[in-house]
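J.: Questions regarding the structure given below will be posed in turn.
The values are calculated or read from the model by the stated rules, or taken from the named source; none is laboratory data. Bear in mind that the values here come from a model prediction, so they are computed numbers and not experimental data. Ideal geometry is used to build each Cβ from the backbone, glycine not excepted, and the neighbour counts take in all protein chains shown.
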Amino acid sequence: MDDVLLQVENLKAHLPLEEGLLKAVDGISFTIRRGETMGLVGESGCGKSMTVNTIMRLAPSFAHIEGSVAYFPAAGEPINITELDPYGPVIRDIRGGEIAMIFQEPMTSFSPLHTIGNQITEAIRIHRANDKKKATAIAIDLLSRVGMSNPAQRMNEYPHQLSGGMRQRAMIAMALSCEPSLLIADEPTTALDVTVQAQVLQLMRDLQHEFGMSILYITHDLGVIARMVQVVAVMYLGRIVEITDVDSLFYDAKHPYTKALIQSVPKMGKKSRARLESIPGAVPVPINRPPGCGFYPRCAAAIEGLCNRLDPPLIQIEEEHAVACFVYPEVVDAVGESKPEGVNHAV
Ligand SMILES: Nc1ncnc2c1ncn2[C@@H]1O[C@H](COP(=O)(O)OP(=O)(O)OP(=O)(O)O)[C@@H](O)[C@H]1O
Ligand SMILES: [Mg+2]
């Protein structure tokens, strides 16, 4: 257990809306180890952002939160983040100091009223070095390491004066300024063009080697997952439906949803005219969800009488490979059922 940094157990974030109860995150569990990069992948609306916002205690205040998020600091007792006062000093120390977050749109992290330099040095002074000169030197050094030209001059610029790629770099510099143990990156490169995206991904990998931090990387782009992460959790309708290492995900995907996701990615060398596969149907909104597997209405391998009746739990069926799908007998066993006769289980 020594190498565990974050342990999420049965985490739920349910939103009571006028239309009904929206189960944005519905009982998910995973572990991030020190130095490891984990990816969270899934279509738009499956609950990726809500998961990390709940971990950071940034979920909307009307959300009902259940489950636990244990954070294991380098020294001292583990902290159950879900029990902290969301506006209290402990979570504020963790946020930024121990766990830093970068977002898809950097403008949301920066105030338009202060210079980049002011904002980064402020964060350093709160969490690391109170001395202004020292904090400024650390900030300039970080900006140059994230590839900013003329970092000392950039310190005096306002966020709107920087290009999209430069703002993203500045946000990464700010996130890393307190040497966090965990960096949560929520679609940090989606708004960037591909060449800048490649540079920013490379930069994060380099900095991870240098700082030894863990990364939780959120994206719906499997290409980015392939390049960035070691362990992948696939989310669908607020649940994790498959979790495994990145090689097994691409070469031995188990869940019909994961298989469909992988098939929908354009392959190098495929005839350029070849049509992209798409997953039939759209992601349903998880309000007043009917019983059964959430993927049932879109699934080609669905087993009538089972998948539309019961929720498949996430069960480990191979070493370091868990899946929530009744195509696998272990999952059927886990709910105390037997496979219906005469069903072809090939997916
Ligand atoms: N403040 C809110 N009020 C009501 N519903 C919300 C709120 N925030 C999120 N949701 C809903 O919760 C579900 C999960 O949203 P979330 O933002 O976590 O998805 P996501 O996986 O991050 O998607 P994307 O890839 O588009 O960023 C969605 O159905 C979304 O509409
Ligand atoms: Mg999101």
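J.: I'd like the full set of residues that are of a type outside the set (D, E, K, R), at pLDDT below 90 and out of contact with any helix residue (DSSP H, G or I) (no Cβ under 8 Å at 6 or more places or on another chain), limited to the range 93-152.
T.: Q104, T108, N130, S149
J.: Which ones in the range 198-226 are farther than 20 Å from C178 by Cβ and either within 16 Å of ligand 1 (Cβ to nearest atom) or at pLDDT 90 or above (or both)? I'd like the intermediate steps shown before the answer.
T.: Residues of the range 198-226 that are farther than 20 Å from C178 by Cβ, as a first pass: 198-199, 201-202, 218-226.
Across the range 198-226, the qualifying residues are I218, T219, H220, D221, L222, G223, V224, I225, A226.
J.: Which one of these is within 16 Å of the chain's Cα centre (by Cα), assigned by TED's automatic domain parsing to the domain that holds S109 and more than 8 Å from ligand 1 (Cβ to nearest atom): I65, I28? Can you show your working first?
T.: Working: I65 fails: within 16 Å of the chain's Cα centre (by Cα).
The conditions single out I28.
J.: Any residue that is more than 16 Å from ligand 1 (Cβ to nearest atom), surrounded by fewer than 20 Cβ atoms within 10 Å (Cβ to Cβ) and in a helix (DSSP H, G or I) - is there at least one of those in the range 227-240?
T.: Yes, some residue in the range 227-240 is more than 16 Å from ligand 1 (Cβ to nearest atom), surrounded by fewer than 20 Cβ atoms within 10 Å (Cβ to Cβ) and in a helix (DSSP H, G or I).
J.: Is it the case, given these coordinates, that T82 is hydroxyl-bearing (S, T, Y), assigned by TED's automatic domain parsing to the domain that holds I215 and closer than 20 Å to N10 by Cβ? Walk me through it before giving the result.
T.: On the way: hydroxyl-bearing (S, T, Y): yes; assigned by TED's automatic domain parsing to the domain that holds I215: yes; closer than 20 Å to N10 by Cβ: yes.
The answer is yes for T82.
J.: Mind telling me which of the residues G47, G20 ends up being surrounded by fewer than 19 Cβ atoms within 10 Å (Cβ to Cβ) and not aliphatic (A, V, I, L, M)? It would help to see each step written out before you state the result.
T.: On the way: G47 fails: surrounded by fewer than 19 Cβ atoms within 10 Å (Cβ to Cβ).
Of G47, G20, the one residue that is surrounded by fewer than 19 Cβ atoms within 10 Å (Cβ to Cβ) and not aliphatic (A, V, I, L, M) is G20.
J.: Next question, about the same structure. If I filter the range 32-56 down to residues being hydrophobic (A, V, I, L, M, F, W, C) and assigned to a helix (DSSP H, G or I), which single residue comes out as farthest from ligand 1 (Cβ to nearest atom)?
T.: Of the range 32-56, the ones hydrophobic (A, V, I, L, M, F, W, C) are 32, 38, 40-41, 46, 50, 52, 55-56.
Filter once more, so that each one left must be assigned to a helix (DSSP H, G or I): 50, 52, 55.
Values: M50: 3, V52: 8, I55: 12 Å.
Across the range 32-56, the extreme among qualifying residues is I55.
J.: Of all residues in the range 57-74 being part of a loop (DSSP other than H, G, I, E, B) and crowded, with 17+ Cβ neighbours inside 10 Å, which is nearest to ligand 2 (Cβ to nearest atom)? If you could, list the steps in order and put the result at the bottom.
T.: At the first step, the residues of the range 57-74 found to be part of a loop (DSSP other than H, G, I, E, B) are 57-63, 72-74.
This time we only want the ones that are crowded, with 17+ Cβ neighbours inside 10 Å, so: 57, 59, 63, 72.
Values: R57: 17, A59: 13, A63: 15, F72: 26 Å.
Of everything passing the filter in the range 57-74, A59 is nearest to ligand 2 (Cβ to nearest atom).
J.: Further, regarding this structure: Right, G96: assigned by TED's automatic domain parsing to the domain that holds A13, of a type outside the set (S, T, Y), assigned to a helix (DSSP H, G or I) and touching a residue at least 40 places away in the same chain (Cβ under 8 Å) or not?
T.: On the way: assigned by TED's automatic domain parsing to the domain that holds A13: yes; of a type outside the set (S, T, Y): yes; assigned to a helix (DSSP H, G or I): yes; touching a residue at least 40 places away in the same chain (Cβ under 8 Å): yes.
Yes: the conditions hold for G96.
J.: Okay, next question. If I filter the range 75-88 for residues that are of a type outside the set (K, R), surrounded by fewer than 20 Cβ atoms within 10 Å (Cβ to Cβ), in a helix (DSSP H, G or I) and in contact (Cβ under 8 Å) with a residue 24 or more places away in the chain, do I get at least one hit?
T.: Just the residues of the range 75-88 that are of a type outside the set (K, R), to begin with: 75-88.
After this cut, where a residue has to be surrounded by fewer than 20 Cβ atoms within 10 Å (Cβ to Cβ) as well, the list is 75-80, 82-88.
After this cut, where a residue has to be in a helix (DSSP H, G or I) as well, the list is 82-83.
Right, trim to in contact (Cβ under 8 Å) with a residue 24 or more places away in the chain and you get 82.
Yes, some residue in the range 75-88 is of a type outside the set (K, R), surrounded by fewer than 20 Cβ atoms within 10 Å (Cβ to Cβ), in a helix (DSSP H, G or I) and in contact (Cβ under 8 Å) with a residue 24 or more places away in the chain.
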